[in-house]
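Worksheet: the structure to be examined is printed underneath.
Derivation of every value follows stated rules applied to the coordinates shown; laboratory data play no part. Small disclaimer: the values here were computed from a predicted structure and weren't measured. FYI the Cβ positions are ideal-geometry reconstructions off the backbone, even for glycines, and counts take in every protein chain you see.
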Amino acid sequence: MLEQFTFVGFLFLVALFLGLFMFGVPWLLRLRPRKSSSYKSDPYECGLRPHGEAWVQFKAQYYIFALVFLVFDVEAVFLFPWALAYHHLAFYAVLEGVIFILLLTAALIYVWRKGALEWM
Amino acid sequence: MTQLVLFVIFGAITLAAAIAVVTARNLFHAVLWLLLAFFGVAGLYVLLEAPFFAAAQLFIYMGAIGVLIIYALMLTRGVMRQQVPLVNDQWALVAVLAVALLAVLSWLFLQHTWPTVDQAVGPDSLRTLGEALVDPGRYGFPFEVASVLLVMALIGAVTIVRER
């Protein structure tokens, strides 16, 4: 079992290396502007000077998007073993999974009809 | 041997990140440490030969719950910017309760005989789980109730947001 995860561990090390590499190279080479100014230390935003704070209070509406994402993430995790067993299931067992999907589809339609998915 | 080394590594990641969660003075940093703790637990699931739970841990906890907590923080005004104090005036009472909880949990942990099985986890264990999930005699009912629970969570959230 663990041998199958060797590749995942390898990818993990590559990802770790890439992250450290991008932070480490400028640090090692001491890459910094010769003359520092407030313009140069601004975060880059398509060439425009950013204004205002980044730490602002967001609308409660965004929470709905995160929650819809969570609900369908959980649904996917529930449905995956069901889908794997699909060929070994009786008809009513397949129907149970379909009911599961239909209930959540109804919830999605409800959220949609309420206009909670409109961009504000 | 490899398993032991990996267990120590992932256990250390989980514990260190969990300690960092409660000692971080910035709430946003605490959330990021919490995600690292979730990752450590996913590694422990892999060592337990439960790759499905490891994937579910990454999907749901690191992915969805992490995003949800960060969104919840972004809804609060300025809370995550402040260097919040770590203790309030009830810290002594909490310390006593925490030690008591630790004592009870340790006692239960030591007292319980942990059953083990001889056979290894089969390659089609996930299919067995899928069959058990929709078997009316086993987890069929909880499976359907889970979908109702998810629907309730969505409707509740929409109701709360609409009221504002």
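Here are the numbers for the structure shown:
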| item | result |
| --- | --- |
| Of the DSSP H helices in chain B, those whose Cα atoms cover at least 20 Å axially and whose Kyte score averages 1.6 or more | B:2-23, B:27-47, B:91-111, B:140-163 |
| For chain B, built as a Gaussian network whose Cα springs stay under 10 Å, the top-fluctuating residue of B:F109, B:F39, B:F28 | B:F109 |
| Charge sum, other residues only, whose C-beta stays under 15 Å from A:L117's C-beta, Lys/Arg counted +1 and Asp/Glu -1 | +3 |
| Spin-label pair B:A72/B:V5, simplified geometry with 7 Å Cα→Cβ offset, distance in nm | 3.9 nm |
| Largest-first principal axis extents of the Cα set of the protein assembly as shown (Å) | 72, 56, 47 |
| FRET efficiency, 1/(1 + (r/R0)^6) with R0 25 Å, evaluated for B:L15 and B:L97 via beta carbons | 0.75 |
| The range B:1-84, relative contact order in percent, only Cα pairs under 8 angstrom and at least six apart counted | 31 percent |
| Cβ-Cβ FRET estimate between A:A54 and A:H87, R0 fixed at 45 Å, reported to 0.05 | 0.30 |
| Full-stretch length increase - B:I155, B:L129 - with 0.36 nm per residue and alpha-carbon distance subtracted | 6.5 nm |
| Chain B: most fluctuating residue of B:A50, B:A24, B:A95 per GNM, C-alpha cutoff 10 Å | B:A95 |
| Trypsin sites (Lys or Arg not before Pro) within the range B:1-88, DSSP loop, no more than 11 other Cβ atoms inside 10 Å | B:R25, B:R77 |
| Whichever aspartates and glutamates have a C-alpha closer than 18 Å to that of A:K114, once near sequence neighbours (fewer than 8 apart) are set aside | B:E163 |
